[in-house]
Amino acid sequence: MKLNKLQPILFSLLLLLISCQQVPDYILSEETPPIDKTRKAKMLSAFFGLDNALTPRARLIWRKAPGKDGMPIVFSHEIDPKTLDVADFQIKTQKGDIRGVEFVSYKPAIEEFELRTLLLIGEYGEYPDNEPVEVEIVGELKTRDGQELKGQKIAVTPLAEGPFISYAEYFRIDDQYPYVETGNGCDCPKSETQVVVRTVWSGGVRSKEGKEIGEAELKHFYIKLLVNKDTIEVNPFQIADLKDNENNIDLCIKEAGIPLSVKADKNIAIDPNDDLNPETEIEVLSRW
């Protein structure tokens, strides 16, 4: 009798557990930027960020993550969550060993329009004698606009090398933009910002002092801006999308114009392995 009375409660708890497991740990934008359909999708970087050194905090991503290797992969396009699986990736080491992936996640870059970075967690080789050297997509992985990625390969950035900008795009904060005013990951101030340049780094970055990238680094970012027919160089007046421990850094620009490229001076940022960045420069694309 007691068991019979408990059965509805147990069933409800089971349904609740299942529903919680199905809640996505990322945010999909309502639409895919049309520009994606005019560009071929590709891997842009594979970064051997940590060797047997993911911290206890990584349990927020996967309970078995601490002590594992971490390898962020940056793509030119956002990845379709319905096609994402650990079996999509294969990693080759210096000695020719083939390694699989134990866990893959969008975390910590999970906001709208950020789903181009994937974190691969597992055991991918050992520094310095048998580091990972190549990542290949062997599964049916697709972008949100339907492009196939299977068969693509990319060289892995070694552990001892510093972070760099893998991708950059610009956009404006309009009425349709999913604006975050305060808190972790908050956006550029609306009233002062003419255009935002989003830089996507090969891995998570902090200032060389270990703090958030901020005011001290503003003068070390340079944006070439097309204003009418002239090209000028400006610095951001503020940095946004901070305090969320990921690889997207937004540069807030007060001058009106079209961003063409972005450059960061060397030795202004470190990755989770405390490696300093090289000078890094990249073309800025339009999101729309």
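Here is a list of conditions, (1) exposed (fewer than 15 other Cβ atoms within 10 Å of the Cβ); (2) farther than 30 Å from Asp25 by Cα; (3) acidic (Asp, Glu), and Glu181 meets all of them except one; can you say which number that is?
Single failed check for Glu181: (2).
Out of everything in the range 123-153 that is part of a strand (DSSP E or B) and polar (S, T, N, Q), what residue ends up being surrounded by the fewest Cβ atoms within 10 Å (Cβ to Cβ)?
Here the answer is Asn130.
Considering every residue within the range 183-201, establish whether at least one is polar (S, T, N, Q) and touching a Ser or Thr at 6+ places or on another chain (Cβ under 7 Å).
No, the conditions are met nowhere in the range 183-201.
Any idea which of Val135, Val197 is hydrophobic (A, V, I, L, M, F, W, C), under 19 Å from the mean Cα position of the chain (by Cα) and in the same structural domain as Ala53 (by TED's automatic domain parsing)?
Val135
Looking at the range 262-288, which of its residues are assigned to a strand (DSSP E or B) and in contact (Cβ under 8 Å) with a residue 60 or more places away in the chain?
Selection gives Val262, Ala264, Ala269, Ile270, Leu276, Thr280, Glu281, Ile282, Glu283, Leu285, Ser286.
Would you check which residues across the range 217-237 are in contact with an Asp or Glu (Cβ under 8 Å, 6 or more places away or on another chain) and either of a type in the set (A, V, I, L, M) or farther than 26 Å from Thr157 by Cβ (or both) and list them?
Ile223, Leu225, Val227, Ile232, Val234, Phe237
Looking at this structure, is Asn235 of a type outside the set (Lys, Arg), over 29 Å from Ser105 (Cα atoms) and in contact with a Leu (Cβ under 8 Å, 6 or more places away or on another chain)?
Yes: the conditions hold for Asn235.
Restricting to the range 206-254, give me the number of residues that are in contact (Cβ under 8 Å) with a residue 40 or more places away in the chain, assigned to a loop (DSSP other than H, G, I, E, B) and surrounded by 15 or more Cβ atoms within 10 Å (Cβ to Cβ).
Residues flagged as in contact (Cβ under 8 Å) with a residue 40 or more places away in the chain, assigned to a loop (DSSP other than H, G, I, E, B) and surrounded by 15 or more Cβ atoms within 10 Å (Cβ to Cβ) within the range 206-254 amount to 10.
With more than 17 Å from Ile258 (Cα to Cα) and touching a helix residue (DSSP H, G or I) at 6+ places or on another chain (Cβ under 9 Å) as the only criterion, which of Glu169, Glu209 stands out?
Answer to the selection: Glu209.
In the range 190-204, which residue that is touching an Asp or Glu at 6+ places or on another chain (Cβ under 9 Å) and in a loop (DSSP other than H, G, I, E, B) is surrounded by the most Cβ atoms within 10 Å (Cβ to Cβ)?
Gly203
Please go through the range 229-252 and give me each residue that is of a type in the set (A, V, I, L, M) and in contact with a Lys or Arg (Cβ under 9 Å, 6 or more places away or on another chain), ordered by number.
Ile232, Val234, Ile249, Leu251
Within the range 154-174, work out how many residues are without any contact (Cβ under 8 Å) to a residue 60 or more places away in the chain and either surrounded by 12 or more Cβ atoms within 10 Å (Cβ to Cβ) or within 30 Å of Gly125 (Cα to Cα) (or both).
2
Quick one: how many residues across the range 175-205 are in contact (Cβ under 8 Å) with a residue 24 or more places away in the chain and hydroxyl-bearing (Ser, Thr, Tyr)?
3
The values are calculated or read from the model by the stated rules, or taken from the named source; none is laboratory data. The model shown is predicted, which means the values in this text are computed figures rather than measured ones. Here Cβ is always computed from backbone atoms with ideal geometry, including for glycine, and neighbour counts include all displayed protein chains.
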